[in-house]
1. Please go through region 83-96 and pick out each residue that is surrounded by 13 or more Cβ atoms within 10 Å (Cβ to Cβ), out of contact with any strand residue (DSSP E or B) (no Cβ under 8 Å at 6 or more places or on another chain) and part of a helix (DSSP H, G or I).
2. Looking only at region 138-150, count how many residues are modelled with pLDDT under 95 and either part of a loop (DSSP other than H, G, I, E, B) or under 18 Å from the mean Cα position of the chain (by Cα) (or both).
3. Name the residues in region 1-22 that are in a strand (DSSP E or B), modelled with pLDDT of 85 or more and on the phi < 0 side of the Ramachandran plot, would you?
4. Is it the case that region 112-125 has a residue that's crowded, with 18+ Cβ neighbours inside 10 Å, under 25 Å from the mean Cα position of the chain (by Cα) and either within 25 Å of residue 59 (Cα to Cα) or at pLDDT 95 or above (or both)?
5. So residue 129 fits all but one of (1) surrounded by 13 or more Cβ atoms within 10 Å (Cβ to Cβ); (2) in contact with a helix residue (DSSP H, G or I) (Cβ under 9 Å, 6 or more places away or on another chain); (3) closer than 20 Å to residue 202 by Cα; what number is the exception?
6. Restricting attention to region 108-124, report how many residues are farther than 17 Å from residue 169 by Cβ and touching a helix residue (DSSP H, G or I) at 6+ places or on another chain (Cβ under 6 Å).
7. Select from region 226-241 the residues that are under 25 Å from residue 11 (Cβ atoms) and crowded, with 24+ Cβ neighbours inside 10 Å and list them in ascending order.
8. Determine which member of the set 253, 229 is in contact with a helix residue (DSSP H, G or I) (Cβ under 8 Å, 6 or more places away or on another chain), over 17 Å from residue 48 (Cα atoms) and modelled with pLDDT of 95 or more.
């Protein structure tokens, strides 16, 4: 059974501009098809402006889709408060997304009380349990967001999302504003929470090393379309679309012994208001032909899908690997050992 299904989802924004104030249409999403399973992490990657965050907001119910279907467990997605009960969001800036006038305890208690998941007399216990789940001391419930570090605030944001007991959490660039060591902590925290609760994650990011570490499947977006989608290891080890190859090649700090960068992309990203005919990537693709300009390639493939007319004739990929950088790998290892030590201490206390 699938948790989330998107079928031919589009999103248009109507703009006015120019001397005559003419109305123009910007298609931010164009025919998105995606499936997310229970307990799975699906990563959305791509350059800024490709539509990742717009798709995440549509999934969370913060934006309506112009057309298409959005199903949760095979049924049309609910709206408003009911959607928030199923799907929660963790935003990029925890300081901006947390109400500065509310204490940490009130921030976490609010969604649980709103959805009737806890009696008011049990709020303190629920808040303490949730803070412990995200690796924070229950005593922090009395503090306010400005009294916390960036990593602590993001943990509070995750705790607030978990308080609603959702089936899915949309992580919209949830770690990009944090230091790399804190990114590793939050990434491992999300994985640990997923193992404990079975929650699914839609992980929106442009950090490919982190995406490879945390996700089960990856969907690569370019100008409102998904151009490649499949299991994480297959997409990173055997990328089939020229754009995916370019993203991987551009990853900084390759590990010692890896191959050099692939061919860099040429040209500018086309304006979403004036997309090229056919494949939108063809103006920057070194393998483009007349067929690419004539029609849009469909996203096809049983498990590792790609939208490219020439994927079977592309030369072998020789781009950089995207294993965690040495600094990221060290941070991940440090956090894993600290988490294991905390688990041992917890088991000793219980016994």
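The values are calculated or read from the model by the stated rules, or taken from the named source; none is laboratory data. Predicted model only: the values in this text are computed from it and were never measured. A quick note on method: Cβ atoms are made from the backbone with ideal geometry, for glycine too, and the neighbour counts reach across all protein chains shown.
1. Hits for region 83-96 are 83, 84, 85, 94, 95.
2. Residues that pass the stated criteria total 2.
3. Result: 4, 5, 6, 7, 9, 10, 11, 12, 13, 14, 15.
4. Yes: one or more hits.
5. It fails just one condition, (3).
6. 3
7. Matches in region 226-241: 226, 227, 228, 229, 235, 241.
8. Result: 229 is the single residue among 253, 229 that is in contact with a helix residue (DSSP H, G or I) (Cβ under 8 Å, 6 or more places away or on another chain), over 17 Å from residue 48 (Cα atoms) and modelled with pLDDT of 95 or more.
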